[in-house]
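Derivation of every value follows stated rules applied to the coordinates shown; laboratory data play no part. Quantities reported herein were computed from a predicted structural model and do not represent experimental measurements. Quick reminder, even Gly has a Cβ in these numbers, built from the backbone with ideal geometry, and neighbours come from all protein chains shown.
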Amino acid sequence: MAMLEVQNVHAYYGKIHALKNVSLKIEKGEIVTLIGGNGAGKSTTLRTISGLLKPREGAILLNGENLADYKAHQIVTKGITQVPEGRRIFGQLTVTENLDMGAFICRDKKLIAENVERIFEMFPRLNERRKQVAGTLSGGEQQMLAMGRALMSNPEILLLDEPSMGLAPVLVDAVFETIQKLHAAGTTILLVEQNARMALQVASRGYVIQTGEVVLHDVADSLLNNDMVRKSYMGEN
Amino acid sequence: MTLAQSLWREGIKTGAIGGISVLAISLVGMVESFNKRDIIADFLSMGIAFIMVFGIILPYIAAKRTTRPEKHIIFLNALTAGLVTAVFPALLVILGNIINLRSMFVNASPVLYNLLTSGVEGVGGILILLLAGILCGAFAGLLFFLPGLIRSVIIVCLTSILAVGIVQDLIRPLFSSWGIMEVVSEWLFTQNGLTIAGTIFIPIFVGAIYMFWQLKGEGIKTRYNTLESGTQKSVKMSSFFVLAIFLIFLPHILGLFLSEVLTIVGLYILLGLGLNIVVGYAGLLDLGYVAFYAIGAYIAAILTSPAIGAFTLTFWQALPFAVMGGIFAGILLGIPVLKMRGDYLAIATLGFGEIIRILVLSDFLKPWLGGAQGIAKIPNPAIFGWQLSTPQEIYYLILLGCILVVFISVRLRDSRLGRAWMAMREDEDVAQAMGINLVSTKLLAFATGAGFSALSGAIMVSKIGSVYPHSFNVFISINIVCLIIVGGIGSIPGVIVGAAALVGLPELLREFADYRMLVYGAVLVGMMLLRPEGLWPEARHKMELHGEENGSDETQTATAA
């Protein structure tokens, strides 16, 4: 049984049919990537998984349990945490407070403190700025903070929405290094990216989504060599 | 032409702003009505002082904004600004002497012209006015070139004359009740305005204190910080103790009238702290907040007043019902507006506030709520048989309420719930994705805020002894929102400062009463331009707004990265 399974999901924004029969499978310990252009439905898929948008048809199963009846804030407790697109850190709170918010579902103060230290070890840059207001961090630091905040809830599955968006190339490399580190530590990751090449390099499998439909699904290496993918998402001719 | 434009642009532009402001305050009648009082006896009236404030501040801004480095250009820009500021009222006087403006501007009277030209007829008066403008500009220009410390001392001294002059009516009675102080009072004040001695002594006194703090303050602070934590604690404890003693004796020092003002400020502090939770912590703009004040007031009135007669509970028995009623109403309002944010929420809550007011006003509920006549004969609260009837006695009840509510506010701010509110304020989606239940978090914010408001309402009716629908109009809600913004959104001391500034000051300065809303508008616009974080901001908010100024290394690392 797959760890997370999206089965024939249809989702709507009002009358707009945003996801048409989307199915995905993610096994434990895997990095799976979802690639596609603007407005293809990548973020919508993540929003549907994390419960911010409810599917009209289809099911989302976590370890076989249907998540349909859970609200977004309950799904976090099930072990799914999303790093939203555009980072969306709490700009008025300090770095440490942002991390604390990430552990909102956890009531064990000692465990929270341990987790904070773990995140600071992983991102020493954040440790230097622990008392700084998060809104004044640089873009790369904010992305680190957004990922650190999501990790505070000890998720089984991390949903990453365009972590490379708006970052300088050096920082994009750093973000992907972090993703690999997390993977090595055993976190299962669903990675949504426009930067298809980098995403496919770290992922084991990939799905290609176009106008709300999954059009292609394969292991990452073959997608990297797929003509359509190369043309459409890597800018090659 | 272009060169002249670039050279004198700031002076002319800022001067025009000043001139239009002076015209505005003259034509709405502020200058004339303020003129009845003197700041310095027989020398400087409040109206003239008010104009001079514009005549000095705007040239100063002009000097500050001039980008050219040459000192004489900066100075001449200030001078120009002062002159241009004076040109506008001068034109008004000329125009007013040719044609009658009173059909359009009621206040454009010969009295006003007389005042602007300091009583000199014809061309002479105009010249005096222009000269005064130039002098104000020159003063501002000189001020600009003074070293920082001297400049701020001068500003503090001048402000102290202005402030003491404005509130002298309140200071004099305070002094007169203290025997020996009466002599001092007579030395400093006349019946209308400061004496020459007062004009000299007060700024020296205030300026000296200010200068001492500027020079030695840092030293005192560092010395405090190097103290052992035990000693620090006892310093803190003893200052708390002094504060407590001060608060206990305050109404007796202040006398009846000022205690009354104090109780009104206290009630607004309660309201402000409640709304601060809804708007400041949870970020939900509630413009119908007065509704909960009304609900608390009416529940307390119905339960205690023999005029209605259904119940005759004591204040203390009725209080929990009033607060619970407010909390319940808060939840009830919260449920339909759960999905709303920002402007939409503001409009929906505004409607709720009006609904409650119209309900209590309606004939339909008259047998129970008294309709337009309201409910009278509400008994004063009593503590162990001691009837709290005068403002000086009620003060203690309100003080107790404020202490309680401040305590709850502080604890909530630092709690898990407080964090959840802040997260929700920043980003609802992400807050939800962190595991925060938006429904219960929002409803708790509405409920807590409404509870504080109902508490304030209940105390208010038992203080006044009656309750009328018209005391719950939308201006109360707007007033509370304003005091939170002026004090500093999300800041507890900010609410107290804001209430003192926006509720206390207008009560003290009866001359302002007619222009209250005008002054509010001007203060709000000014605050947003000059100090958007409020008078006493929450530390974090300040850091965010002024992060670039003291965090230049971060911006550097950000660009380097």
Next item on the list: Taking amide H positions as placed in the peptide plane 1.01 Å from N, state which residues far from A:Y207 in sequence (5 or more) or on other chains have amide H under 5 Å from it.
Entry: A:T33, A:L34, A:I35
Checklist line | Per-pair calculated FRET efficiency, R0 = 56 Å: B:L529 and B:T226 via Cβ, rounded to 0.05 | finding: 0.90
Item checked: With Cα atoms, 0 to 90° folded angle of helix A:169-184 axis to chain A main axis -> 90 degrees
Next item on the list: Could you pull out every whole DSSP H run in chain B that spans at least 30 Å of Cα extent along its own axis and averages -1.0 or higher on the Kyte-Doolittle scale?
Entry: B:2-27, B:71-98, B:122-145, B:196-226, B:229-275, B:391-413, B:438-464
Next item on the list: With runs of 4+ DSSP H residues as the only contributors, calculate the mean residue ellipticity of the protein assembly as shown at 222 nm using -39,500 (n - 2.57) per run, divided by the residue total and rounded to the nearest 500.
Entry: -20000 deg cm²/dmol
Checklist line | Using alpha-carbon coordinates, inclination of helix A:109-122 to the longest axis of chain A, degrees | finding: 70 degrees
Check: Based on the alpha-carbon gyration tensor of the protein assembly as shown and its eigenvalue square roots a ≥ b ≥ c, which shape applies: rounded if a/c is under 1.5, prolate if not and a/b is larger than b/c, or oblate?
Finding: prolate
Check: In chain B, which longest range has no GluC sites (Glu not before Pro) that are both DSSP loop (not H, G, I, E or B) and surrounded by at most 12 other Cβ atoms within 10 Å?
Finding: B:229-561
Checklist line | Debye, to nearest 20: dipole size of the range B:2-220, +1 on Lys, Arg Cβ, -1 on Asp, Glu Cβ | finding: 680 debye
Item checked: Of A:I49, B:A539, B:A445, farthest towards positive along the dipole that unit charges on Lys, Arg, Asp, Glu beta carbons give the protein assembly as shown -> B:A445
Check: So who's got an amide H within less than 5 Å of the one on B:F189, skipping anything under 5 residues away but keeping other chains? H placed 1.01 Å off N, in plane.
Finding: B:T195
Next item on the list: Excluding residues on the same chain fewer than 8 positions from B:K13, give the lysines whose Cα lies under 18 Å from its Cα.
Entry: B:K64
Next item on the list: Give a quick list of trypsin sites (Lys or Arg not before Pro) in the range A:83-148 that DSSP marks as loop, anything other than H, G, I, E or B, with at most 11 other Cβ atoms within 10 Å.
Entry: A:R107, A:K131
Check: Restricting attention to the range B:305-381, which trypsin sites (Lys or Arg not before Pro) occupy a DSSP loop and are surrounded by at most 14 other Cβ atoms within 10 Å?
Finding: B:K339, B:R341, B:K377
Next item on the list: Quick one: compute the contact order of chain A, relative version, from alpha carbon pairs under 8 angstrom and 6+ residues apart, as a percent.
Entry: 27 percent
Notebook entry, point to check: Is there a pair in A:K25/B:K339; A:K78/A:K110; A:K42/A:K78; A:K28/A:K181; A:K54/A:K109; A:K42/A:K231 whose C-alpha atoms are over 26 Å apart, and which pairs would that be?
Noted result: A:K25/B:K339; A:K54/A:K109
Note to self: Give me the percent relative contact order of chain B, please, defined on Cα pairs under 8 angstrom at least 6 residues apart.
What the structure shows: 15 percent
Notebook entry, point to check: Could you give the alpha-carbon Rg of the range A:107-218 over 2.2 N^0.38 Å, rounded to two decimals?
Noted result: 1.16
Notebook entry, point to check: What is the magnitude of the charge dipole of the range B:241-541 about its Cα centre, with +1 placed on the Cβ of each Lys and Arg, -1 on the Cβ of each Asp and Glu, and no other charges, expressed in debye to the nearest 20?
Noted result: 360 debye
Next item on the list: Would you work out which of A:A134, A:I189, A:M234 lies farthest towards the positive end of the dipole of the range A:4-234? Charges go on Cβ: Lys and Arg +1, Asp and Glu -1.
Entry: A:A134
Check: Given charges of +1 on the Cβ of Lys and Arg and -1 on the Cβ of Asp and Glu, with all other atoms neutral, how large is the dipole of chain B about its Cα centre, in debye to the nearest 20?
Finding: 340 debye
Next item on the list: With θ set to phi - 60°, apply the Karplus curve 6.51 cos²θ - 1.76 cosθ + 1.60 along the range A:214-220 and write out the HN-Hα couplings as whole Hz, x wherever there is a Gly or Pro.
Entry: 7, 9, 8, 8, 7, 5, 4
Check: If the cut-off is 24 Å between C-alpha atoms, which lysines fall inside it for B:K366, apart from same-chain ones fewer than 8 positions away?
Finding: B:K377, B:K463
Check: Farthest toward the dipole's positive end in chain A, which of A:Y12, A:F176, A:N63, given Cβ charges of +1 (Lys, Arg) and -1 (Asp, Glu) about the Cα centre?
Finding: A:Y12
Check: Which chymotrypsin sites (Phe, Trp or Tyr not before Pro) does the range B:1-51 hold that lie in a coil by DSSP with at most 15 other beta carbons within 10 Å?
Finding: B:F43
Next item on the list: Enumerate the amide H contacts of B:L287 below 5 Å, restricted to partners 5 or more residues apart or on another chain; note that Pro and chain-start residues carry no placed amide H.
Entry: B:T349, B:L350
Note to self: Relative contact order of the range B:241-541, please, whole-number percent, based on alpha carbon pairs below 8 angstrom and at least 6 residues apart.
What the structure shows: 32 percent
Check: Rounded to the nearest 0.05, what FRET efficiency do B:F205 and B:L95 have when you use their Cβ-Cβ distance and R0 = 51 Å?
Finding: 0.70
Check: Across the range A:195-208, in residue order, what do the Karplus-derived ³J(HN,Hα) couplings come to in whole Hz, using 6.51 cos²θ - 1.76 cosθ + 1.60 with θ = phi - 60° and x for Gly and Pro?
Finding: 6, 5, 4, 5, 4, 6, 6, 9, 7, 8, 9, x, 10, 10
Check: Looking at the range A:4-234, what % of its DSSP beta bridges pair antiparallel, to the nearest 5?
Finding: 55 percent
